[in-house]
1. List residues of segment 1-33, by number, whose backbone nitrogen lies under 16 Å from a label position 7 Å along Cα→C-beta of Asp55.
2. How high is the relative contact order of the chain, in percent, with contacts defined as C-alpha pairs under 8 Å that are six or more residues apart?
3. Which entries of Lys26/Lys61; Lys17/Lys72; Lys23/Lys61; Lys9/Lys41 show an alpha-carbon separation above 29 angstrom in the structure shown?
4. Under a point spin-label approximation (7 Å from Cα along Cα-to-Cβ), what is the Lys43-Glu29 distance to one decimal in nm?
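Nothing in this text is a laboratory measurement; each read-out follows from the coordinates by a stated rule. In this text, all values refer to a predicted model and were calculated from it rather than measured experimentally. Backbone-built Cβ (ideal geometry, glycine too); neighbour counts: all protein chains shown.
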Amino acid sequence: MGKDQHILKHEQGWQVKGSGNTKATKLFETQQEAKQFAKEKAKNQHSEVVIHGRDGRIRTKDSYGNDPFPPKG
C-alpha cells in the first residue's frame, strides 16, 4: 500500500503531498485540479486521498485501496 495523498492549501494555491513528505508532490491553482491528481495517484498506490480545508482541518477521506472496514449491505 502506498502513501496517503493529502490535499492542502498552499500559498500558491493547493498542493498534493504524500504522507510523511516534507515537500509537495505537485502544486495546483485549484483544489479540484489537486483532487483529480491525488485521486489518480491514490488509485495507482491503493491508498487514500485526504482533503483538508483552508484551515488545515481534514474535511473528507476517500479510500482507493483495500478498505479494512468496507460498508455493509
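1. Those under the cut-off are 9.
2. Numbers: 146 pairs, mean separation 22.1, N = 73.
After rounding, I find 30 percent.
3. In this structure, Lys17/Lys72 exceed 29 Å between Cα atoms.
4. Reported label-point gap for Lys43 and Glu29 is 2.4 nm.
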